[in-house]
Amino acid sequence: MQQPGFSDLIRVFGRIGLISFGGPAGQIALMHRELVDERGWIAEGPFLRALNVCHLLPGPEAQQLATWIGWRLHGTKGGLAAGLLFVLPGAAVMLGLSILYAYAARLGPVAALFLGIKAAVLAIVVQALIRIGRRALDTRFKMGLAVTAFLALFLLNLPFPAVVLGAAAIGFLAARWRPAWLKAHGRHGEAPVGPLPWGRTLRSVALWLAIWAAPMAVILLTLGPDHVLWKIGAFFSQLAVVTFGGAYAVLAWMAQEAVQSMHWLSPREMTDGLGLAETTPGPLIMVTQFVGFLGAFRAPAPFSPLVAGILGAMLTTWVTFAPCFLWIFSVAPWMERLERAPRLQGALAALTAAIVGVIANLTLWFALHVLFARVEAVAAGPARLQVPDWASLDWRIALIAVAAALLVFVAKRGVMTVLGLSAAAGLVLSGLT
């Protein structure tokens, strides 16, 4: 394999960070083409096996894969460079869009653009649900896990971490007693020989826990635990630990907490944020930065709204991605062994199946809150149903959503095309009312 210089790594990952649109599938495909096929920096086998392990970890798998490749090529400094370059361009763009949204979202033309973007997001999320479902649900047991996860979240309102961790525990046990139910695929063969890398891992954990906690310690000492910045940092730190299955999987729980519990933004603003994140390079989980910006922007004291919003966005990005470096730098020395752990592979297979149910819950939640102006929660025994007021249906969003679905599923258009055409349709239809 060709060993690149550090400057070459910087140049290539800088380019990848600027053009990594299309969600994790597109980003992983881009890295495969650039680093495996064209440059030969990483062989096919290690690339795919590292990707399998990254799926086991919480957080955006594409960004973690980029960090691992950088670590594999140039150690810790390579991992830092690759991981940061994968995130920073999108973070800068998202910050600019968040500022524009906070000051201009209520202006007529901007509101009309977002009307179309909301509708397009529905089609994009449905596409993600179908794509992941086809890949993940290849046994009846997995289908049952997906349905159970959906009902647990949508009807019973169980906590998201409990659902995904419960599914992983079921998979861990099923891999021992009924492995055929999961069809988990690990790497076979003898584990590597040599001393276990405990010392290296413990040093990485200690260092990155300190880096992760540093801004939170400053906030606690200067602003206290009741300030919105502390609440933002604590919430997104918790989110970083349970973001298995990618951004779509965790968005429903994040939206529920940020909208209904924290009151940082409205359901429609949450959908606007997802639409903005779809238009930026880098991980889709960057939508968390939008939420953090608006949460701090609307409770700014003792700062100005703009300064508070920027601090909220920066803090959110920090506590979202610092754990990714912790996972990779701690786990990377164990990669060869983890690839041969059948129970972990079973836990991953079950978790991935449950994620389909999680994304189905997200899809229905978005559809209800985007298409209808009023949605009420109705209790029915232990269940809690979300019932829309049909008189509040926004026909413009419904029409654009149907058109966006045709573009996605029939015309096979890309995300940027669908978002652009839907935004233009929003401008046109808003002018008719």
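The values are calculated or read from the model by the stated rules, or taken from the named source; none is laboratory data. Because the structure is predicted, anything quoted here is derived from the model rather than measured. Counting neighbours? That spans all protein chains shown, and the Cβs are built from the backbone with ideal geometry, glycine included. Each accessible area value is taken on the protein alone, full model and side chains, heavy atoms only, with ligands, DNA and RNA left out. Shrake-Rupley method; radii C 1.70, N 1.55, O 1.52, S 1.80 Å.
Check Thr316, Thr352 and return the single one that is surrounded by 24 or more Cβ atoms within 10 Å (Cβ to Cβ), at pLDDT below 95 and within 19 Å of the chain's Cα centre (by Cα). That would be Thr352, the only listed residue that is surrounded by 24 or more Cβ atoms within 10 Å (Cβ to Cβ), at pLDDT below 95 and within 19 Å of the chain's Cα centre (by Cα). You will find that of Arg396, Arg413, the residue that is out of contact with any Lys or Arg (no Cβ under 9 Å at 6 or more places or on another chain) and either outside any helix (DSSP H, G or I) or among the hydroxyl-bearing types (Ser, Thr, Tyr) (or both) is Arg413 and no other. For region 304-326, the set of residues classified as touching a Gly at 6+ places or on another chain (Cβ under 9 Å) and part of a loop (DSSP other than H, G, I, E, B) is empty.
Candidates are the residues of region 140-161 that are modelled with pLDDT under 90 and under 13 Å from Leu351 (Cβ atoms); the one that is surrounded by the fewest Cβ atoms within 10 Å (Cβ to Cβ) is Pro161. Could you tell me whether any residue of region 361-368 is in a helix (DSSP H, G or I) and open to solvent by 40 Å² or more (accessible area, probe 1.4 Å)? The answer is yes, given that some residue of region 361-368 is in a helix (DSSP H, G or I) and open to solvent by 40 Å² or more (accessible area, probe 1.4 Å). With respect to the conditions (1) at pLDDT 95 or above; (2) surrounded by 21 or more Cβ atoms within 10 Å (Cβ to Cβ), Ile310 lacks only one, and its number is (2). Out of region 253-277, which residues are surrounded by fewer than 22 Cβ atoms within 10 Å (Cβ to Cβ), of a type outside the set (A, V, I, L, M, F, W, C) and in contact (Cβ under 8 Å) with a residue 12 or more places away in the chain? Of everything in region 253-277, those that are surrounded by fewer than 22 Cβ atoms within 10 Å (Cβ to Cβ), of a type outside the set (A, V, I, L, M, F, W, C) and in contact (Cβ under 8 Å) with a residue 12 or more places away in the chain turn out to be Gln256, Glu257, Pro267, Arg268, Glu269. Checking the stated criteria, Ala66 turns out not to satisfy the condition of being crowded, with 18+ Cβ neighbours inside 10 Å, modelled with pLDDT of 90 or more, more than 24 Å from Gln238 (Cα to Cα) and among the aliphatic types (A, V, I, L, M).
Quick check on Leu344: is it surrounded by fewer than 24 Cβ atoms within 10 Å (Cβ to Cβ), in contact (Cβ under 8 Å) with a residue 24 or more places away in the chain, assigned to a helix (DSSP H, G or I) and under 21 Å from the mean Cα position of the chain (by Cα)? Spelling it out, it is not the case that Leu344 is surrounded by fewer than 24 Cβ atoms within 10 Å (Cβ to Cβ), in contact (Cβ under 8 Å) with a residue 24 or more places away in the chain, assigned to a helix (DSSP H, G or I) and under 21 Å from the mean Cα position of the chain (by Cα). Look at region 206-234: where a residue is in contact (Cβ under 8 Å) with a residue 40 or more places away in the chain and a partner is hydroxyl-bearing (Ser, Thr, Tyr) and part of a helix (DSSP H, G or I), sitting 6+ places away or on another chain with Cβ atoms under 9 Å, you get Trp208/Ser330; Trp212/Ser237; Met216/Ser237; Ile232/Thr316; Gly233/Thr316. Within region 181-215, if we keep just the residues that are of a type in the set (Val, Ile, Thr) and at pLDDT below 95, the residue that is surrounded by the most Cβ atoms within 10 Å (Cβ to Cβ) turns out to be Thr201.
Note on region 416-433: among residues that are closer than 14 Å to Trp395 by Cβ and not in a helix (DSSP H, G or I), the one that is modelled with the lowest pLDDT is Thr433. Taking every residue in region 149-176 that is on the phi > 0 side of the Ramachandran plot and polar (S, T, N, Q) and pairing it with any residue that is open to solvent by 20 Å² or more (accessible area, probe 1.4 Å) and part of a helix (DSSP H, G or I), at least 6 positions away or on another chain, the pairs with Cβ-Cβ distances below 9 Å are Asn157/Gln256.
Residues that are without any contact (Cβ under 8 Å) to a residue 24 or more places away in the chain and open to solvent by less than 90 Å² (accessible area, probe 1.4 Å) within region 404-420 comprise Ala411, Thr417, Gly420, listed in sequence order.
Let's see how each residue does on (1) within 29 Å of Val307 (Cβ to Cβ); (2) modelled with pLDDT under 90; (3) surrounded by fewer than 23 Cβ atoms within 10 Å (Cβ to Cβ):
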{"position": "Arg72", "(1), (2), (3)": "no, no, yes"}
{"position": "Leu84", "(1), (2), (3)": "yes, no, yes"}
{"position": "Val87", "(1), (2), (3)": "yes, no, no"}
{"position": "Ala92", "(1), (2), (3)": "yes, no, yes"}
{"position": "Gly96", "(1), (2), (3)": "yes, no, yes"}
{"position": "Ala111", "(1), (2), (3)": "yes, yes, yes"}
{"position": "Leu129", "(1), (2), (3)": "no, yes, yes"}
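Please state which one of Val87, Val93 is of a type in the set (Val, Ile, Thr), in contact with a helix residue (DSSP H, G or I) (Cβ under 6 Å, 6 or more places away or on another chain) and touching a residue at least 40 places away in the same chain (Cβ under 8 Å). Quick ask: steps written out before the conclusion?
Details: Val93 fails: in contact with a helix residue (DSSP H, G or I) (Cβ under 6 Å, 6 or more places away or on another chain).
Exactly one residue qualifies, and that residue is Val87.
Among the residues making up region 341-373, none is touching a strand residue (DSSP E or B) at 6+ places or on another chain (Cβ under 7 Å) and farther than 20 Å from Ala404 by Cβ.
The residues on offer are Trp327, Trp253, Trp264, and the sole one that is at pLDDT below 80, within 21 Å of Pro161 (Cβ to Cβ) and aromatic (Phe, Trp, Tyr) is Trp253.
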